[in-house]
Structure formats: structure tokens, C-alpha cells
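A quick write-up on the structure given underneath.
The values are calculated or read from the model by the stated rules, or taken from the named source; none is laboratory data. In this text the structure is predicted, and so the values were computed from the model without any measurement. Methodologically, a virtual Cβ is constructed for each residue, glycine included, from the backbone with ideal geometry; neighbour enumeration extends over all protein chains shown.
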Amino acid sequence: MRIGELAQRAGVSTRSLRYYEQNGLISARRRANGYREYDEDDVKLVSEIRSLLTHGFTLDDARPFVECLRAGHTSGGDCADSVEVYRRKLEEIDSEIRTLLARRAELAAQLCAGCAFTRGES
């Protein structure tokens, strides 16, 4: 299939596909006329990349998942390197949650102090 069909089937722009190709995540075969040619496996790869990006992963994070699919696994998360990326991402999210909870507690304390001040309870 050509780039436009892959873009439509995977729900991405042709520009995104060229960007993924430029970053080595997908590779197009070239027809004699120079057109890019893709197959069904590329639909799965692009869908995996798109899903990961939607969930906050980077293109570099996506590499082990793409390699896992290229190795013949049914899911990009079936390989040890992909599992490691999942673990690292969960640690990052947990850290962000802790940071947000600390900021929330700080703001709540400031709010309480502000409310006490406006009631004259300094």
C-alpha cells in the first residue's frame, strides 16, 4: 500500500509517517517509480507507535516495542526491553504524582492560611 493508504488506515498523517521513517521506526520499500510501499505489518507498527505516543511515550521509548513486533511477537510489550520501558515510564509517572501531591498539599495549606487570615484569625 502507498503512504496515503497507510496514513488513513493507521489514523496518522503522511507527515507523521515520514517522520517515523526518518527516525528509523518504520521503513518503506521503494517502487520502481520511487513511491513508498508499505504492507500490513507497517499498519501494526504505526498503530503501536501512535498508541505509545498518545500515552506519553517518546519515539525513543517506542523503539523496543517496534523491534518486538518486527521480531514476530503479537504485542510490542511482549519483550524484556519493552517491559523495562513500561517500568521506567511507571516510575516517571509515580514521581510526577508525588510531585503533584506535594504541590497540592502546599497550595491547600496556603489556601487554609489565606482563609484564616480573611476571617481575622491570624
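In the range 2-13, how many are β-branched (Val, Ile, Thr) and surrounded by fewer than 15 Cβ atoms within 10 Å (Cβ to Cβ)?
Narrowing the range 2-13 to residues β-branched (Val, Ile, Thr): 3, 12.
Now narrow it down to the ones that are surrounded by fewer than 15 Cβ atoms within 10 Å (Cβ to Cβ): none.
Within the range 2-13, residues that are β-branched (Val, Ile, Thr) and surrounded by fewer than 15 Cβ atoms within 10 Å (Cβ to Cβ) number 0.
Considering only residues that are of a type in the set (S, T, N, Q) and either in a helix (DSSP H, G or I) or in contact with a strand residue (DSSP E or B) (Cβ under 6 Å, 6 or more places away or on another chain) (or both), which ones fall in the range 75-92?
From the range 75-92, those of a type in the set (S, T, N, Q) are 75, 82; that's our starting set.
If the condition is that a residue be of a type in the set (S, T, N, Q) and either in a helix (DSSP H, G or I) or in contact with a strand residue (DSSP E or B) (Cβ under 6 Å, 6 or more places away or on another chain) (or both), then 82 is the only one that fits.
Going through the range 22-36 one residue at a time, which ones are at pLDDT below 95 and either touching a helix residue (DSSP H, G or I) at 6+ places or on another chain (Cβ under 7 Å) or surrounded by 11 or more Cβ atoms within 10 Å (Cβ to Cβ) (or both)?
Hits for the range 22-36 are 27, 28, 35, 36.
From the list 72, 56, pick out the single residue that is surrounded by 11 or more Cβ atoms within 10 Å (Cβ to Cβ) and outside any helix (DSSP H, G or I).
Working: 72 fails: surrounded by 11 or more Cβ atoms within 10 Å (Cβ to Cβ).
Result: 56 is the single residue among 72, 56 that is surrounded by 11 or more Cβ atoms within 10 Å (Cβ to Cβ) and outside any helix (DSSP H, G or I).
Please find, among 51, 95, 16, the residue that is among the hydroxyl-bearing types (Ser, Thr, Tyr), crowded, with 16+ Cβ neighbours inside 10 Å, at pLDDT 95 or above and not in a loop (DSSP other than H, G, I, E, B).
After ruling out the rest, the residue left standing is 16.
Restricting attention to the range 37-48, which residues are buried (at least 19 other Cβ atoms within 10 Å of the Cβ) and within 19 Å of residue 81 (Cα to Cα)? Lay out the reasoning, then the answer.
At the first step, the residues of the range 37-48 found to be buried (at least 19 other Cβ atoms within 10 Å of the Cβ) are 38, 42, 45-46, 48.
Matches in the range 37-48: 45, 46, 48.
When the range 1-59 is examined, which residues are found to be aromatic (Phe, Trp, Tyr) and more than 23 Å from residue 72 (Cα to Cα)?
Kept after step one, since they are aromatic (Phe, Trp, Tyr), are these residues of the range 1-59: 19-20, 35, 38, 57.
Scanning the range 1-59 gives 19, 35.
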